[in-house]
Amino acid sequence: MWKRFRKNPAAMAGVVLLLAVLAIALLAPVLFPGGPWKMVQRPFLTPGTMDGLPLGTDTLGRNVAAQLAYGARVSLLVGLVSTLVALLIGVPLGALAGFYGAWVDEGAMRFTEFFQTIPNFALAIVLVAIFEPSLGSITLAIAIVSWPPVARLVRAEVMALRQREFVEAARLAGLTRRRILIQQVLPNTVSPIIVMASLMVATAILLESSLSFLGLGDPNAMSWGYMIGSARTVIRSAWWLSFFPGVAIILTVLALNLIGEGLNDALNPHLSRKGTS
């Protein structure tokens, strides 16, 4: 898999981009020990005007580069944790529905469809508005709107696998249905789950940025969406305040999508573009 993945130049470019964002996020306290909220100079310094402030300052004289670095920590944390929570909900539910079928499948799918009848973004806004806006509530809201596609994907994969020969062999060997599901079926669904998870992180970052832009983010946490939202009133006079976080979001989401496409081609070589050309 790794050999096929590294031969994909777009996927490797995505890895380099994502590693760069991760490095900046991890080194943010070292690079900017004063934090993102500290006033360092007069407001509205344009990028490159003063040494030590390569991206200028915002409306309150805070370092835009420091805000970007600390914003990367929040955006990546929300994206990763919400995706993990969504997988913990969607994978077991989809596996049970696909493997046992009958009333289990019917009940699980009706429950899933209930969440899918409401647009993801609208449901996330409602959930965050109900609770006090915080990183925890935002992460939980994004996870709640993200798990239904996971459940449907796992259900479809399990339904296709439960009739395979190795499952029948496991039944003849005397394994219980639970052991067959956990030991034989679920490991064969890992590939599509990994691909979907990489794309879900990108979607979660966009959702968090959108919520923060609307003022539903954690007021005590610096994020890229918060930066864009706070700069929208001065977009004509201070373009850099919304431009740089916007570029950061685009590059991070692009990197995750490139990695997802590369993983899909590497884990499913028969379905890749090269395999079907």
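Summary of computed values
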quantity	calculated
Residue within segment 200-215 that is among the β-branched types (V, I, T), at pLDDT below 90 and either more than 18 Å from P43 (Cα to Cα) or part of a helix (DSSP H, G or I) (or both) present	no
Subset of segment 249-264 (residues that are at pLDDT 90 or above and of a type outside the set (S, T, Y))	I249, I250, L251, V253, L254, A255, L256, N257, L258, I259
A102 vs. criteria loosely packed, with under 15 Cβ neighbours inside 10 Å, farther than 18 Å from E208 by Cβ and among the small types (G, A, S)	yes
Boolean, S146 is under 24 Å from the mean Cα position of the chain (by Cα), surrounded by fewer than 21 Cβ atoms within 10 Å (Cβ to Cβ) and under 24 Å from A72 (Cβ atoms)	no
Residues being more than 22 Å from G260 (Cα to Cα) and buried (at least 22 other Cβ atoms within 10 Å of the Cβ) - total across segment 188-215	2
Complete set of residues in segment 117-142 that are surrounded by 15 or more Cβ atoms within 10 Å (Cβ to Cβ), of a type outside the set (A, V, I, L, M, F, W, C) and part of a helix (DSSP H, G or I)	N120, S137, T139
Residues of segment 51-89 satisfying the condition of being surrounded by 24 or more Cβ atoms within 10 Å (Cβ to Cβ), over 20 Å from L31 (Cβ atoms) and among the polar types (S, T, N, Q)	S82, T83
Where T176 falls short, out of the listed (1) surrounded by fewer than 16 Cβ atoms within 10 Å (Cβ to Cβ); (2) polar (S, T, N, Q); (3) within 22 Å of G260 (Cβ to Cβ)	(3)
Unmet criterion (only one of (1) modelled with pLDDT under 90; (2) farther than 16 Å from L87 by Cβ) for F115	(2)
Set L19, L27, L55, L60: member being aliphatic (A, V, I, L, M), in contact (Cβ under 8 Å) with a residue 12 or more places away in the chain and under 30 Å from G260 (Cα atoms)	L27
Hits in segment 50-69 (condition: charged (D, E, K, R) and either out of contact with any helix residue (DSSP H, G or I) (no Cβ under 8 Å at 6 or more places or on another chain) or within 16 Å of V247 (Cα to Cα) (or both))	D51, R62
Test result for V190, touching a residue at least 40 places away in the same chain (Cβ under 8 Å), under 17 Å from L84 (Cα atoms) and aliphatic (A, V, I, L, M)	no
Wholly enclosed helices (runs of 4 or more DSSP H) of segment 1-102 bearing at least 1 residues at negative phi and at pLDDT 90 or above	9-26, 28-31, 64-100
Residue among M109, M50 that alone is more than 24 Å from L206 (Cα to Cα) and touching a residue at least 24 places away in the same chain (Cβ under 8 Å)	M109
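For every residue, the table says whether it meets (1) of a type in the set (A, V, I, L, M); (2) free of Cβ contacts under 8 Å to residues at least 12 places away in the same chain.
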residue	(1), (2)
M39	yes, no
T46	no, no
L68	yes, no
L77	yes, no
P92	no, yes
I125	yes, no
V128	yes, no
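This table checks each residue for (1) among the hydroxyl-bearing types (S, T, Y); (2) under 30 Å from I180 (Cα atoms).
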{"residue": "A86", "(1), (2)": "no, yes"}
{"residue": "V91", "(1), (2)": "no, yes"}
{"residue": "L96", "(1), (2)": "no, yes"}
{"residue": "A102", "(1), (2)": "no, yes"}
{"residue": "L123", "(1), (2)": "no, no"}
{"residue": "S137", "(1), (2)": "yes, no"}
{"residue": "A143", "(1), (2)": "no, yes"}
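The values are calculated or read from the model by the stated rules, or taken from the named source; none is laboratory data. Note that this is a predicted model, so its numbers are computed, not measured. When we count neighbours, we look across all protein chains shown, and the Cβ atoms used for this are built from the backbone with ideal geometry, even at glycine.
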